[in-house]
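Every number here is computed from the coordinates shown, using simple stated rules; none is lab data. Since the model is a prediction, treat every value here as computed from it, not as a measurement. Ideal geometry is used to build each Cβ from the backbone, glycine not excepted, and the neighbour counts take in all protein chains shown.
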Amino acid sequence: METVDKRIDRVMKQTKSGDKKAITELEALKAIKVNLENGKPARETTLTDEQQELLKDLFLLSSKPMLYIANVNEDQLSTINTDENVLKVKEYAASENTFCIPLCAKLEEELSELDDESKMLLMQDYGLNHSGLDELTVKGYDLLGLMSYLTAGKQEVRAWTIKKGTKAPQAAGKIHTDFERGFIKAEIVSYDDLINSGSMTVAKEKGLVRLEGKDYVVQDGDIILFRFNV
């Protein structure tokens, strides 16, 4: 695998011919090298979208997104927002522009073995609204720039993972390439609107179900029925 130094040497030769992309890439590489030599991860280097695209095949481990987990015991759960050690980890994570998620691994193991009702009762005993693993999933998606939309039918309800900013035809393509190729419209209702309405029929009566075209950017929690023709 190519190192930063080797990449700099190679790209530097390309800059001699006046290659503008090579010049842009070299600037990014030198900035990354400075950070690495100062003990900072590559992800802390400020890069333009163009530079990130040019360096995506460099595969630096320290350029990967990072989040931190503070494993606490059950007694600490009641003071999790003021615990000195947890706050130190949160402060360190914030210095790297990322998240710290406090959770109790022992409690999470217990929750994983319970049904939904028992799980909710146990979390209430500890004053929790959600499990640490649930928060880890949400923060992980956010860190990676991901989100989910839903499809719902008689046989199943399913979540589909897409990148934030994905438009309706490309989201349809996650299900099947034919859906994207023959995309016509997307019938959409938000999850919250559907739950508050109680049924799709009521949601339609309230005007909460809408048709969107090819330029619609899918939102987290959208419930979508794709209309297509191939």
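Some points to look at:
- Antiparallel bridge percentage (DSSP; both residues within segment 65-177; nearest 5): 65
- Across the options S62, C100, L133, the greatest Cα extent toward the positive end of the charge dipole of the chain (unit charges at beta carbon of Lys, Arg, Asp, Glu) belongs to S62.
- Charges were assigned to the Cβ only: +1 to each Lys and Arg, -1 to each Asp and Glu. The resulting dipole of segment 90-168 about its Cα centre is roughly 680 debye.
- For segment 111-180, applying the loop criterion from DSSP together with a ceiling of 11 other beta carbons within 10 Å to the GluC sites (Glu not before Pro) yields E113, E156.
- Whole-angstrom gap from segment 144-191 to segment 61-103, using each part's C-alpha centre: 33
- About the Cα centre, charge dipole magnitude for the chain (Lys/Arg +1, Asp/Glu -1 at Cβ), debye: 1540
- Selection among F228, S112, L87 by position relative to the dipole of the chain gives F228 as farthest towards the positive end (Cβ unit charges, Cα centre).
- Candidates A186, A171, A31: whichever shows maximal mean-square fluctuation once the chain is modelled as a Gaussian network with Cα springs under 10 Å: A31
- When Rg/Rh (Cα atoms, Kirkwood Rh) is computed from the coordinates, the matching label among [x] 0.99; [y] 0.94; [z] 1.07 is [z].
- Separation in nanometres of the label points that stand 7 Å from Cα toward Cβ, at D5 and E44: 2.2
- Projecting the Cα atoms of H176, V218, L194 onto the dipole axis of segment 157-221, where Lys and Arg carry +1 and Asp and Glu carry -1 at the beta carbon, places H176 farthest toward the positive end.
- Over the chain, DSSP H runs of length four or greater, each weighted -39,500 (n - 2.57), average out per residue to a 222 nm ellipticity of -12500 deg cm²/dmol.
- Summing +1 for each Lys or Arg and -1 for each Asp or Glu among the other residues whose beta-carbon sits under 14 angstrom from that of A186 gives +1.
- Difference of contour (0.36 nm per residue) and Cα-Cα distance, E109 to A94: 2.7 nm
- Ordering of 137-143, 221-227 by packing [mean C-beta count within 10 Å, highest first]: 221-227, 137-143
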